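First up is the structure itself, then whatever we jot down about it.
Read-outs: derived from the displayed coordinates by stated rules, not from any lab. Keep in mind that what you see is a predicted model, and the values were worked out from it rather than measured. Here the Cβ positions follow ideal geometry from the backbone for every residue, glycine too, while neighbour counts run over all protein chains shown.
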Amino acid sequence: MTSPSLSPNDRFRVVIVGAGVAGLTLAHALDLAGIDYVLVDKGVVAPPWGISITLHPHACRILHQINCFEAVSAQCTTMELFCLRGPDGKVYHEQRFFEAIGKRTGYTTLTLERRALLRTLYDKLRDKSRVIERCRVQDIQERDGKVHVLMADGSKQTGDLVVGTDGVHSVVRELMWKRANEVIPHFISAAEKRYKTDQAAIVTSYNALIAMCPMQPGLGLSNMHCVSNDKFSFLILCQPDTIYFVAHCKLPGGRQTRWPNRERYTQADIDELATKLADYPLSESLLFGELWEKRTRAHLVSLEEGVLEHWFFGRTVLAGDSVHKVTPNAAFGGATAMESAVDLANSIHRAVTAHPNKTPSDVEIRDTLQGYENSRRDRVKDIYRVSWMLTRLQAYDGWLSYIAQRWVLPLIGLDFVAKNVAQTCSEAPKLEYVFVDEDRGSLGWKDSKPAAKRSEMLMAPKSQLVPYFPLLFGAVVMFSSVAFVFMV
């Protein structure tokens, strides 16, 4: 924590922009570290936008640390069966996938309405006066070791660091890019902004029709269903009172959208796509159109994906979807945003406590943010690649994807996939300075293992799938392009 010898005006202060999953998680993390912060958002907390969010066990461990797990888990039931279905709606493989993950990690997998998660994160904050709604950022200025965030209403927030957690269309990111290129010409290249090179740009190749409706018979009270088709797939997430359902669709003609352009949809677009999908089966007895007729809320959204090259400049840093965005099929998006918030909070906490009688200098801030970026980049890229591939596997996007999803995956078995998902969860970060009696499964957590076991874990191969694909296909290309989704 910061030293009591510092006056209130000298205490390290963070300005968080964006009250989404990453921003609210960071607010909790900073509060628990005793670090001053303010959280601003251009809209309101927990708006009626979006449908569901699924949180894997490593996200639940973070919720446990910030004292939100019980409140969140009380609003949903544990997912049970994971059913894979073909274009005819019939099951070709099913397993108690989430139970297998939970046994290995100690925490369950939660699915609930996104708005409910955001509302809970906000309600559990100890000081809600630090959250300012309807406050749109207009400019960010740095001078004399401080950062000044200027608002459209004429107000100003001053701090030592500004964090952009304002989503994939981040204003903070664009202001950071602008300032970076003013200070160092061409620092942020056109290629990073627009052209996908090693995931160093955010691109849209798919969209998603997302909706929710009351529970309907025939799908189970807590099951997840994936229905694969040609260039699109359905995902149905069931809870006792609600069904969340999604149609992931490849953009027509293989079209891609890149910054600064973005897909914008009207009600007519929603109606047109829903009509096209209406007669496709979701199960042996249920059509998409039947669920659609029961919808209580629906949106058509872009599925942006990519990892940017530069995560910070000066005293501005990005976290969550503003710097890394993944498709939702693997359900790692929300958890990855929470991970980045936690990693950033750990970095800030180390910097602030290193010299308790002063705030970090520009050089120390740079080193802190570089350490944060370095700690996240490889893991985020792995999660991006898995999500990218899974979206295309489930949509039968090409014959390799069809073979892998329809024939190879049932042969390998979802339990094997669950093992690899649990392994990925076990390697996630947690808050270094918050100690709780965390749940542990048979696998344990990488950062909680004895040193010897951590070393073994680092040396272990990422997957045991290596022997399967050469035997099945006799080609390394099949392994590299299809198997990776199961190897994180």
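Of note:
- Debye equation applied to the C-alpha atoms of the stretch 183-312, log10 I(q)/I(0) at 0.11, 0.14, 0.21 Å⁻¹: -0.49, -0.70, -1.16
- The stretch 370-441: proportion of alpha-carbon pairs further apart than 19 angstrom, %: 53
- Calculated on C-alpha atoms, the gyration radius of the stretch 125-185 divided by its Kirkwood radius gives an Rg/Rh of 0.99.
- As a proxy for reagent exposure, ranking Phe234, Phe313, Phe435 by other Cβ atoms within 10 Å from fewest up yields Phe435, Phe313, Phe234.
- Applying both filters, DSSP loop and at most 15 other Cβ atoms within 10 Å, to the trypsin sites (Lys or Arg not before Pro) of the stretch 1-98 gives Lys90.
- Cα-based convex hull volume of the chain per residue, rounded to whole Å³: 147
- Taking one quarter of the surface of the convex hull spanned by the alpha-carbon atoms of the stretch 295-396 gives a direction-averaged projected area of 8.4 nm².
- Spherically averaged projected area of the convex hull of Cα atoms, the stretch 236-373: 12.3 nm².
- Rounded Å value of the spacing that divides the Cα centres of the stretch 275-340 and the stretch 102-116: 17
- C-alpha long axis of helix 333-354 to longest principal axis of the chain, angle in °: 20
- Loop-located trypsin sites (Lys or Arg not before Pro) in the stretch 125-206 (DSSP state other than H, G, I, E, B) with a sparse environment of at most 14 neighbouring Cβ atoms within 10 Å: Arg126, Arg134, Arg136.
- For the stretch 245-293, chymotrypsin sites (Phe, Trp or Tyr not before Pro) are listed when DSSP marks them as loop and at most 16 other Cβ atoms sit within 10 Å of their Cβ; the list is Tyr265.
- With Cα atoms, 0 to 90° folded angle of helix 267-277 axis to the chain main axis: 30
- Only alpha carbons enter this Debye calculation for the stretch 291-355, each as an equal point scatterer, and the log10 of I(q)/I(0) it gives at q = 0.19, 0.23 Å⁻¹ is -0.85, -1.04.
- Per-selection Kirkwood Rh - the stretch 1-112 (Cα, Å, 1 d.p.): 17.1
- Normalising the average separation of contacting C-alpha pairs (under 8 angstrom, six or more residues apart) by the number of residues puts the relative contact order of the stretch 166-280 at 22 percent.
- Karplus-derived 3J(HN,Hα), 6.51/-1.76/1.60, for each residue of the stretch 53-66, Hz, glycine and proline x: 9, 10, 10, 6, x, 5, 5, 5, 5, 5, 4, 4, 5, 9
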